[in-house]
Every structure is written in C-alpha cells, then in structure tokens.
C-alpha cells in the first residue's frame, strides 16, 4: 500500500488574518475558515482543552494545501530561535512555482515579506529565492526559465 497524495502542511500562527492575507497575495485561495474544538481534536493532537480557529488555503490547481491554525487555548508556544536559519532542524520552508518571481516578491513585500538571501539563477533552469513572511514563515519561490 502506498500513500495517495500529500494532503496539506500545517502552520501554527498567532495572527491568522495577516498570514491568510500573505498566502492569498501569493496566489492561494481561501477554501474555508472556522473554529475547531471538541474531544475529537483533543484526542487527535494529544492536547486537552483545545480551542482553535483554522483556515485552509489551496493552490490554484487544487492540488496543494496549506492549513493555518491559531490556538485560543492552550496558547501556542514559540520555538527558538524565532527566525531560525535554513540549517535548523525541522521543516524550514514551503516552495511554490511562480510565473514572475519579481512581481511576487514585490506583492509579498507589501505584507512584510523580506528576502532571506538573494534571487539567484540555477543554471538556465530556475530563478530561486527564499522570503520570510509574517511570523517568520519562509516560502521559497521558483520561476522556471524557458
């Protein structure tokens, strides 16, 4: 038996509105948003007295999803360091294919995004960069070169 697909990636946030706006500006579509609580979620995630608000965003092709969760109770805890470098253990970034990397960078800067390094060319295949968005979320951008 094999997996069917990767369904989504979860990101826990403090400012759900700001992070939704960032991903919508990137080009994702808000699929839904609402409260999640109750014994079933407590058993799934192994935390008691959970009350959270969750938003699901999808890529325009409908295949990739990002789930955002803002915990009301218990409060989310921070990892250290806050703006961890690329060599920190764990999930570091989500990569998106884009049509125009410079346009996407300009639009995301309006939401507080900053380049982690530079926009670099990988051979004659891609322009690549990492951006740090709200709450330190890192997204990679890849523009395929013809």
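A few remarks follow.
- When segment 94-144 is reduced to its Cα atoms, the Kirkwood hydrodynamic radius in Å: 10.8 Å
- One quarter of the convex hull surface built on the alpha carbon atoms of segment 9-73 amounts to 4.3 nm², the projected area averaged over directions.
- Relative contact order %, the chain, counting alpha carbon pairs below 8 Å whose residues are six or more apart: 22 percent
- Report note on the peptides 71-84, 109-122: ranked by the mean count of other C-beta atoms within 10 Å, highest first, their order is 109-122, 71-84.
- Expected 222 nm ellipticity per residue - DSSP helices of 4 or more, -39500 (n - 2.57), all of the chain, to 500: -5000 deg cm²/dmol
- Using the average count of surrounding beta-carbon atoms within 10 Å as a protection proxy, the listed peptides 27-37, 50-60 rank, highest first, as 50-60, 27-37.
- To the nearest ten degrees, helix 16-26 and the longest principal axis of the Cα atoms of the chain are 30 degrees apart.
- Treating each Cα of the chain as an identical point scatterer and summing with the Debye formula, the log10 of I(q)/I(0) at q = 0.13, 0.18, 0.21 Å⁻¹ comes to -0.65, -1.16, -1.43.
The numbers here are math on the coordinates, done by the rules we state, and not lab data. This structure is a prediction, so every number in the text was calculated from the model and none was measured. Here the Cβ is made from the backbone with ideal geometry for all residues, glycine too, and neighbour counts use every protein chain on show.
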